[in-house]
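First the structure, in the form of structure tokens, and then the observations on it.
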């Protein structure tokens, strides 16, 4: 979208034909199309600026590790790994080798999320007391379980591919990242109640998680893949002692701020007053006000910052290894708490 | 509203002047105006059909007990009592003496809540998996804590008047009742995280409660008096394996039903198709479609059913002693769980 | 609701039995129950403070005239009459005899409509340029035209009972009143396009009306009884050069204000900041914030002001004969313009 | 977005530097970068598949004419021309030379608009009676008129660049196209009331237009650039005798259908049931449900169909010369009616 990167090499499928077709469609020349990631890294070492990893969860760690070992920066889909130990190693490796390791949590790329963070920082909400974070999907309710699962759902419910968690690792991590990104607070402890409601699913597909944040704040996360009728139900509410804010991705152009003593305000993407409130929110708006900006543009915002970091720019605003690691610790703690009957567990 | 009851006697204030003024405004003759509830019950025994108790929490039990002992039916504001032991005694007393003891939980009197219950009963949602119940208020954020509290807020934060719980006993009980009323399931266990965020408040003013319901369902309740900017944020969501429903009191004329495989539907109060879906929802609608019906009409619905019960009608649809008792057990369990670091506690 | 008036006498039906039943239900003693309005006025002259007229349109004028002639003040349902000539006579008569003649246009009794008027007066919107007024109903689409019409719809479509206009006289008048009430401007000219879409209906059931207001503003009214699926679709938008406002009766607790250069604001009924914005809006709020207030309370607000006017208070805020008359002129102009192919007609 | 077209040549600015910079950014080699459109057409004749015209209104006709004369197909921004005579000539020319002449009216490229058309065709709404089309913008209220106008606003208010109409030609044409696209009816006659509210503006910036459609339907269009606080307020309502539909671009993923006798339904983009309702709507959805799809994707949908037409595919679904021409007739009729005091004018 910003013409900052070219796709020059790749490996798109375990299936040779699929790999060839996708490669051709995406304009990758046959010489730089690889049958597996190992040969890709071996051959492209020193030739590419970064590698984007968009594979099932279990392969994130080995691929990212190999790339970093080969001196290649990485943009790795969430979750960064399937355990804290793996994620810690990747984070350390990137740091030690001074490589860029990004994790493109989509939603912190939205302009109104950036505005939310700026309003919190400026003190508009006062002291944060409570955060309610939801990520509700009904995707597992659209499955006909009398038939074999399609590929995508199959690996998400398979512990060998998905890792030990399904809903928390797949979408709960977005929520954990958003809480920390917007409030600037850290998740310290949690108590989790996980469920497996979809027929035959052995992993978690619904979770209710209570949290303690730094500075005495509390939070709740509700995330599900069996929330029938929900599409992409991301809803973030932050309650401070002066005001609260509400952001919903399905109405993602708007940010609601409710004060104790004044009328509710709706801030709108790319409105004339945004620039004075938040430079970054302004800069991350690409199309005219009144049109919806979302998914694709948010990715582009992250990639733009990531590319700047590759060029050595300091203080770029995109989710990095540390953010990826923190969300994996969140997943591990949730699994541990749930195993232990909902006990409070430190991250 | 339905001209089923006349106010003929009363005691309206500890203050003699206030009592006289209110009595006069409400058309009570001086002979039947009493300085305290004891003399009222003594003098009106056998002359009145029922007594309505609308006093601070701590006096509910003694007044209700005295009235029932005197053979007088009672409509008692929630919470029915400040402990399960008290509530159990009142429930037993009413049962043994065949008196009617009602607790007017406003929100189960709304037509669209009755429709929700009927849709659940009919199986439209399939098997219920998860319930999310919110009752978010920002009332304690509108207080200027540098001044003395007004009367209403003062007793709500005072353990001697309010009992051992503030937000859970005051509004959480509405939520507990709604969960059981709409789903027909019972709250069995809970784990609670209570907070006191308002300056100087020693009682709970924010609560996050995880629940196990009968038949394997789970629930979450979020309730608060420090949710800055919220007015009367009652939002009930019930997720079944076929469909989910959403009801919000602030848009209380509407009930949203979201199916896994069909478009979202919005049922509207008093619409032509309602009668075939729910007789009780139809009957509880009083004003034309498109106008808001609420608070006052919901009370009237409860009182109409209560008055029918006084006349001996069977199967009346209004919250009774058992409902009041169950919500007090909910409060007690929440307090116990919170004291014990969030352990799961049986009701 | 405010205990300012008692119903002491009446005539409730042309049918003697229906009259007796309703009278009994409403607590009117048989001696003061009359078989027709003529005998009522003759007998109650000097005994009652005012007469409320809630009959089909064609009888408003003769009853109101007789009452005023007998020295009785009148609260007359809209439309005040079926022609401007009649309405002018009533207005003149009330003025000359110093009687109070009210027309309870419900919607100007809503607190947020009063706030809207106060914000306009204070200059928050700047110079008003355009008003878009809608009153969309789908009631004529819920009729099964293969069966005889029910009583209410029958008289609304019958020119002898309803007068020469159906939708404009029945609900368009609410819109005309709201435009003038909120903006303080006068409707000067209009061009109307009326339709009869319901099967067999000879009167207008859908109207689109362009208007010129005083001070160079323009307005559009869209009103219909064949707008399938609409319930009580009153939506008022006022666009000024500094800000615009939106009010919808179906979300009647809220008033949206959108500025050119600031975030949208949502003012809420009975919120703490309302008092400083609008004393009258504050005073007309009766129940706690977050609950819906509407229809019944708006009538009560008008009656409270009407009763104050009966007691001789000056400057009461309720719709009077002049407001009723102006809306009848609006109806007459719409009919004339439509007859003449949509030509612009002065009021 | 679909990789169907490459930008190989262009002329991007009257200013040589700007032209060079933009050309470089867009990857056009200097040899195929032109200082004016005449040299571009002369040199690229026979080398390009089509020319996209995105210039101020007054140049649409001469550029499109020259391209068509040179045998080059054209995608021309709306309005196709500044008079019906010009538009007719272009339409005739394209037809005679069998070239493709597209006009990318964005909003008919939205999946939910295509679904709306399919539901109307299938008869879900019954007979269409009334259409209410709004396109409300507040852009002219964000201008500081004490300073010189920026380039974009300057040409929009300048009759020499913009043609004889501002708001009707600029955005009203979108509305006219949407009415005809969704309902399948034709605009036959209209009566228009145009205003110039922005300081110093000599062209129309606010319009209220009454219409007669084919088959006895009626329509109203409200369009404005001075509707303070509106962003991109496109709202289409179609009322049939069985049901009505509502689509708003600002909530463009959703289509509301309100029946006379059933609950309101909300159809959602890319939901599982959409495929059975509308093949085209399904095909035009590109990203997962619950994310916003809009502006950019709608253009891509039009271009995809346009490119198919270039390859000779029949029955492609994108706005063509005839659609462009009809909207110019709409503009001419609106100007004529307004000049003549709002008389009804045939298209």
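The values are calculated or read from the model by the stated rules, or taken from the named source; none is laboratory data. These numbers come from a predicted model, not from an experiment. Don't worry about glycine lacking a Cβ; one is built from the backbone with ideal geometry, like all the others, and counts go over all protein chains shown.
Residues being more than 15 Å from residue B:75 (Cβ to Cβ) and not in a helix (DSSP H, G or I) are entirely absent from the stretch B:318-331.
The lone criterion from (1) part of a helix (DSSP H, G or I); (2) more than 20 Å from residue A:347 (Cβ to Cβ); (3) more than 19 Å from the chain's Cα centre (by Cα) left unmet by residue A:95 is number (2).
Is it true that residue B:335 is outside any loop (DSSP other than H, G, I, E, B) and buried (at least 23 other Cβ atoms within 10 Å of the Cβ)?
Taking the combined requirement at face value, the residue does not satisfy it.
Which ones in the stretch B:3-38 are without any contact (Cβ under 8 Å) to a residue 24 or more places away in the chain and more than 14 Å from chain C (Cβ to nearest Cβ)?
Listed by number, the residues that qualify are B:12, B:13, B:14, B:15, B:16, B:17, B:18, B:19, B:20, B:29, B:30, B:31.
Select from the stretch A:261-271 the residues that are under 26 Å from the mean Cα position of the chain (by Cα), surrounded by fewer than 22 Cβ atoms within 10 Å (Cβ to Cβ) and part of a loop (DSSP other than H, G, I, E, B) and list them in ascending order. Result: A:270, single match.
If you go through the stretch C:135-166 and keep only what is within 12 Å of chain D (Cβ to nearest Cβ) and closer than 14 Å to residue C:205 by Cα, you end up with C:136, C:137, C:138, C:139, C:140, C:141, C:142, C:143.
Within the stretch A:272-303, the set of residues being buried (at least 20 other Cβ atoms within 10 Å of the Cβ), away from chain D (no Cβ under 14 Å) and assigned to a helix (DSSP H, G or I) comprises A:281, A:301, A:302, A:303. Evaluated against (1) modelled with pLDDT of 90 or more; (2) out of contact with any strand residue (DSSP E or B) (no Cβ under 6 Å at 6 or more places or on another chain), residue A:264 falls short on exactly one condition, (2). In the set (1) assigned to a loop (DSSP other than H, G, I, E, B); (2) crowded, with 18+ Cβ neighbours inside 10 Å; (3) away from chain D (no Cβ under 13 Å); (4) over 16 Å from the mean Cα position of the chain (by Cα), residue C:125 fails one condition alone, (3).
Restricting attention to the stretch D:245-255, and to residues there that are free of Cβ contacts under 8 Å to residues at least 60 places away in the same chain and not in a strand (DSSP E or B), which single residue is farthest from the other protein chains (Cβ to nearest Cβ)?
D:251
For the stretch C:206-218, state whether one or more residues are within 28 Å of residue B:266 (Cα to Cα), touching a strand residue (DSSP E or B) at 6+ places or on another chain (Cβ under 9 Å) and away from chain D (no Cβ under 14 Å). No; the residues of the stretch C:206-218 include none that is within 28 Å of residue B:266 (Cα to Cα), touching a strand residue (DSSP E or B) at 6+ places or on another chain (Cβ under 9 Å) and away from chain D (no Cβ under 14 Å). Being more than 9 Å from every other protein chain (Cβ to nearest Cβ) and either at positive phi or assigned to a strand (DSSP E or B) (or both) is not true of residue D:258. Based on this model, can you work out whether residue B:316 counts as away from chain C (no Cβ under 14 Å), crowded, with 22+ Cβ neighbours inside 10 Å and either more than 30 Å from residue A:192 (Cα to Cα) or under 15 Å from the mean Cα position of the chain (by Cα) (or both)? No.
Among the conditions (1) under 26 Å from residue A:328 (Cα atoms); (2) crowded, with 19+ Cβ neighbours inside 10 Å; (3) at pLDDT below 95, residue A:41 misses just one, which is (3). Quickly run through the stretch C:140-171 and pick out the residues that are under 17 Å from the mean Cα position of the chain (by Cα) and farther than 17 Å from residue C:198 by Cα. The answer is C:163, and nothing else. All of A:80, A:51, A:115, A:93 fail the test of being in contact with a helix residue (DSSP H, G or I) (Cβ under 6 Å, 6 or more places away or on another chain), more than 30 Å from residue A:234 (Cβ to Cβ) and surrounded by 14 or more Cβ atoms within 10 Å (Cβ to Cβ), apart from A:93.
Yes/no matrix, rows are residues, columns are (1) without any contact (Cβ under 8 Å) to a residue 40 or more places away in the chain; (2) under 23 Å from residue B:304 (Cα atoms):
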site: B:74; (1), (2): yes, yes
site: B:78; (1), (2): no, yes
site: B:83; (1), (2): no, no
site: B:87; (1), (2): no, no
site: B:96; (1), (2): yes, no
site: B:106; (1), (2): no, yes
site: B:115; (1), (2): no, yes
site: B:124; (1), (2): no, no
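The residue list B:309, B:321 contains one member that is touching a residue at least 40 places away in the same chain (Cβ under 8 Å), surrounded by 23 or more Cβ atoms within 10 Å (Cβ to Cβ) and more than 7 Å from every other protein chain (Cβ to nearest Cβ), which is B:321.
Could you list, in sequence order, all residues of the stretch A:324-341 that are closer than 15 Å to residue A:222 by Cα and either within 14 Å of another protein chain (Cβ to nearest Cβ) or free of Cβ contacts under 8 Å to residues at least 12 places away in the same chain (or both)? Result: A:334, A:338. From the list C:132, C:120, C:113, the one residue that fits, being in a helix (DSSP H, G or I) and within 14 Å of chain D (Cβ to nearest Cβ), is C:120.
Applying the set (1) under 30 Å from residue C:203 (Cα atoms); (2) part of a loop (DSSP other than H, G, I, E, B) to residue C:61 leaves exactly one unmet item: (2).
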